[in-house]
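The values are calculated or read from the model by the stated rules, or taken from the named source; none is laboratory data. As the structure is a prediction and not an experimental result, all values here were calculated from the model. Every residue, glycine as well, gets a Cβ built from its backbone with ideal geometry; the counts of neighbours run over all protein chains shown.
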Amino acid sequence: MSVERPSALSSRARLDEGVGLRGRAPRPQALDAPRAAPAAPRREGYRPDIDGLRAVAVLVVVLYHAGVAAASGGFVGVDIFFVISGYVISKSLLGDIEAGRFSVTGFYERRIKRIFPALFVTMAVTFVAAVALLLPTYLLDYCKSLIATAAFVSNLYFWKNSGYFANGADLRPLLHTWSLSVEEQFYIFAPLTLFVVFRFFRKRWALALTPLALASLGLSVFASKVGPTANFFLLPTRAWELLLGALVALTALPSVRARWLRELLAALGASGVAFAVFAYTPATPFPGIAALPPCLGAALLIHVGSCGGSWPTRLLALPPMVAIGLVSYSLYLVHWPIISFLTYYQLRAPGPAEAPLVVGASLALAYASWRFVEQPFRSRSFRPSRAVVIGGGLLAMALAAALGAAGLAAKGFPGRFPGFAESAARQAGGPEGLCFLDNDPDPTRWSAAGCTLTHGGTEKALLWGDSYANHYATGIEAYAAQIPYSVMEYAAAGCPPVLSYSAYNRPGCQRFNQHAIAIIREQGIRTVVMSARWADLERRGLGGLADTLAVLSKLGVNVYVIGQSPMFTADVHVISFREGERGRDVWPISFDPSLNRRLAAIAGPARFVDPLPGLCQGTICPYRERGEFLFADEGHFSPAGSLRAVASYFPLLRRSAPPAPARQAADSAMRR
């Protein structure tokens, strides 16, 4: 997310900063003199309410990331920034085009001077902190993200390797740079697009841009079901938000002269933003339709502010709001690394007690970044040639990428932590490539004979799901004597057992899941046990599970749904390395246990199995017992953990029989 703020460099900067909206040059103001706090520039056409809207956007993001429960939808602040940026950049480009000074290189020169200094200083500081703190696995991931951020493709990296709401995302100090990448990618197309429209469409902006915006919105709505991670991170599904701001800037919407109508429209805009901030949660399918209230709300506030104002825009223009808006770019850049490294240090997300510390530290560092990094590059005394600015920007990108490459070449500098054992436990599961299929599953490779884990009776049962179903296979085999079913495993990586599930990065999941119905019919299966990493499915909505259960019910199948098993913020080996010497073999889970209550409401209490009571005390769960790891990573069971889980709650286990299989059988299962 790039956030533009006022500058006093030249009249060219007036619109580029999103504040001078009347086409008149601002009065010069030196910014290199010391000042106690950011102050709103005083010049014709300046829009303090836009800086106030920036303040709202960045504050709700910071509060959301800091763990303030009331701002459960604070992630929509980034969408507000997208609308502002679309508005700002379009006004700037239109001013250049109309004045006959349009230049692509000039546009990028200004982008570099605004965006690069604070960004690359933040990247350098986080690199030092990462080398000092992060264990090798996490440092390697950081270095990859550093290279991607330097190339402004971090949104692609995090799309392929994570998710904004995914377990473990808090341990990625550069995760927030995805929005910067989206904007920079938008800037590739924006200058020439507006120039072509101006030249050939005679400023019919709505005619040219509205179809693009609607197509992007439609794609986002579609992707919210089939590819929510791609939908969140990629430009094609985000472009409509930037284009909405552009349309507000360019289409000369009718001026709202009536005071009562301005107040009404501004109130509607503020309500849309507030509704999203306080009513949305990470489980809300987003963006898509859900992004309309905050984006349209921001657009209304911007437009009304240009027509004479209203009480919401006057509140936005108050000096404290403007001051925060002026440092909003630096505030956005610094707040997330603070939270990420704090999460790594504590191995849990910040709670209410840490929120004031996070917000205070973020504001202090943001002011320092604004004053000592951003401002010098905007000083009237800093006037390098265009070639120097662009060359310096390319050099900064190359140096940042080189730092990341050095970390990768050194394999995360493992010598920093000689006592760390990275892979002390192996993940439990059935045969890979046959019963547990890979990321592009081909269900024709599955065979009933090769994937029958137990032979305890004539009645057949199917274990169906993703890797969080597969990790029960070891325990099922070990306890075969106590399971009066012939249990078959049918699992695929990243494919929860939902018939409608599809994903861009898992193109074979729908075919894989549909084939489960064929297996049930062909094998005469009457009992199905479903398990998955439900926490990742939650943002799509759990309605697909309900539909799948309805299909199975029509087939006369008895279904058990195993809920979300324990997951932790970090790999258990990291937790052990950091906390094990203190004798802490238990740790808080990283997801809201209310997820399992929602799953139980869908499956029905008689058919739902909650793993947490069988393994944990409330939300505190053991990750190790008697020196043996129960997990292989942040959530998948190790062989020992699989044995413990199956013995505790697997629904087909006959617990009236003598407990536990012979140790020899358990050892055999763990060696397999």
Item to complete: Please give the helices (runs of 4 or more DSSP H) falling wholly within region 253-352 in which 3 or more residues are at pLDDT below 95 and under 30 Å from residue 540 (Cβ atoms).
Response: 328-346
Practice prompt. Test each condition in (1) out of contact with any strand residue (DSSP E or B) (no Cβ under 7 Å at 6 or more places or on another chain); (2) under 25 Å from residue 438 (Cβ atoms); (3) not basic (Lys, Arg) for residue 480 and report the one that comes out false.
Written response: (2)
Discussion item. I need every pair where a residue in region 58-83 that is within 18 Å of residue 289 (Cβ to Cβ) has its Cβ under 7 Å from the Cβ of a residue that is among the charged types (D, E, K, R) and assigned to a helix (DSSP H, G or I), sequence separation at least 6 or different chains.
Written reply: 79/241; 82/238; 82/241; 83/241
Worksheet, complete the sentence: Scanning region 479-501 residue by residue, the ones that are under 16 Å from residue 467 (Cα atoms) and not hydrophobic (A, V, I, L, M, F, W, C) total 6
Item to complete: Please indicate, with yes or no, whether at least one residue in region 479-487 is under 34 Å from the mean Cα position of the chain (by Cα), within 16 Å of residue 560 (Cα to Cα), of a type outside the set (Phe, Trp, Tyr) and not in a helix (DSSP H, G or I).
Response: no
Item to complete: Find all pairs meeting these conditions: Cβ atoms under 6 angstrom apart; at least six residues apart or on different chains; first residue within region 221-243 and over 20 Å from residue 93 (Cα atoms) and assigned to a helix (DSSP H, G or I); second residue modelled with pLDDT of 95 or more and among the aromatic types (Phe, Trp, Tyr).
Response: 233/178
Worksheet item: Restricting attention to region 586-611, which residues are polar (S, T, N, Q) and loosely packed, with under 15 Cβ neighbours inside 10 Å?
Response: 594
Worksheet item: Out of all the residues in region 631-642, is one or more surrounded by fewer than 21 Cβ atoms within 10 Å (Cβ to Cβ), in a loop (DSSP other than H, G, I, E, B) and either assigned by TED's automatic domain parsing to the domain that holds residue 460 or without any contact (Cβ under 8 Å) to a residue 40 or more places away in the chain (or both)?
Response: yes
